[in-house]
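A.B. asks: Below is one structure. I have some questions about it.
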Amino acid sequence: MNKGSVFVEETVNKRSRIQDAAIALFHEQGVEGTSVNEIVKRANVAKGTFYVYYKDKKELISQILTKQHGCLMNDILNRSYETAKAQHTCWKRTFIDELISYYIQHPKLLRTVQKNIASILDTKEHRNMVFTHIERMPDFLRLLQRENESEKKALNRFLMLMEIIGFVCYNAIFFEQPDSIEEILPELRETMFKMLERKE
């Protein structure tokens, strides 16, 4: 292995260790409760190394959540597609059900996403980074697209859907607002499905 390859491998390794350490600490004590010092100590890298790869903790959070959110959406879209195909049901409906179910089963991740949603979707660049991880996004957007409608409008509807479901689930699970998640679940599912229905 030449020196260039070793350098690249070491760079990837250090960045990966920093991200893995940050994810573990975020789950253990929350994003706000985790400092850069704690991250570099857990990752076993120098503090200066952290700033080689990230401007600050906010940039690290943004990159981690962008990737995680993209991978999560990819898994849910793939799983919902396979379920819809196997059961001969509507892909849009199974996607909504899968997303809501995932948030109910993973409340810690939901809380992290909701508290940092602005970092995930704050710029077109970040949104595009999320979508690079979602293989079936073009297919799903075509499904959402209405007659004589641009792909951008279908994309906006998809983004609104994700934000609404995340926001409603977060408030229902953690604060029982407007009610418990069990109580609002049927209405949430139907409301979101109607939002995605074609209106030719």
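A.B. asks: How many residues does the stretch 26-47 contain that are part of a helix (DSSP H, G or I), of a type in the set (D, E, K, R) and within 26 Å of PRO107 (Cα to Cα)?
C.D. replies: Count: 3.
A.B. asks: A follow-up question, please. Among the candidates VAL31, VAL12, single out the residue that is outside the structural domain of LYS67 (by TED's automatic domain parsing), modelled with pLDDT under 90 and farther than 17 Å from THR112 by Cβ.
C.D. replies: So the residue among VAL31, VAL12 that is outside the structural domain of LYS67 (by TED's automatic domain parsing), modelled with pLDDT under 90 and farther than 17 Å from THR112 by Cβ is VAL12.
A.B. asks: Considering only the stretch 67-82, I want to know if a residue exists there that is in a helix (DSSP H, G or I), farther than 19 Å from THR132 by Cα and not assigned by TED's automatic domain parsing to the domain that holds ASN37. So that I can check it myself, show each step before the final result.
C.D. replies: Quick first cut of the stretch 67-82, residues in a helix (DSSP H, G or I) only: 67-82.
Checking which are farther than 19 Å from THR132 by Cα leaves us with 82.
Subset that is not assigned by TED's automatic domain parsing to the domain that holds ASN37: 82.
Scanning the stretch 67-82, I find at least one residue that is in a helix (DSSP H, G or I), farther than 19 Å from THR132 by Cα and not assigned by TED's automatic domain parsing to the domain that holds ASN37, so the answer is yes.
A.B. asks: Another question, then. Does ILE100 qualify as being surrounded by 14 or more Cβ atoms within 10 Å (Cβ to Cβ), under 21 Å from ALA172 (Cα atoms) and at pLDDT 85 or above?
C.D. replies: On the way: surrounded by 14 or more Cβ atoms within 10 Å (Cβ to Cβ): yes; under 21 Å from ALA172 (Cα atoms): yes; at pLDDT 85 or above: yes.
Taking the combined requirement at face value, the residue satisfies it.
A.B. asks: Would you check if there is a residue in the stretch 48-59 being under 25 Å from HIS106 (Cβ atoms) and touching a residue at least 12 places away in the same chain (Cβ under 8 Å)?
C.D. replies: Yes - at least one qualifying residue is present in the stretch 48-59.
A.B. asks: Follow-up question, since we're still on this one. Cβ-Cβ below 9 Å, separation at least six or inter-chain, first residue in the stretch 88-109 and farther than 11 Å from PHE193 by Cβ and free of Cβ contacts under 8 Å to residues at least 24 places away in the same chain, second assigned to a helix (DSSP H, G or I) and among the charged types (D, E, K, R): which pairs?
C.D. replies: That search, which allows pairs on different chains as well, returns GLU98/ASP75; GLU98/ARG79.
A.B. asks: Taking the stated definitions as given, is GLU182 acidic (Asp, Glu), in the same structural domain as LEU77 (by TED's automatic domain parsing) and in a loop (DSSP other than H, G, I, E, B)?
C.D. replies: no
A.B. asks: From the list VAL113, VAL168, VAL130, which residue is of a type in the set (A, V, I, L, M) and modelled with pLDDT of 95 or more?
C.D. replies: Every option except VAL168 fails the conditions.
A.B. asks: Select from the stretch 152-178 the residues that are free of Cβ contacts under 8 Å to residues at least 24 places away in the same chain and surrounded by 16 or more Cβ atoms within 10 Å (Cβ to Cβ) and list them in ascending order.
C.D. replies: Matches in the stretch 152-178: ALA154, LEU155, PHE158, VAL168, ASN171, ALA172.
The values are calculated or read from the model by the stated rules, or taken from the named source; none is laboratory data. All of these numbers come straight from a predicted model, not from anything done at the bench. All Cβ positions, glycine included, derive from the backbone under ideal geometry; neighbour counts span all protein chains shown.
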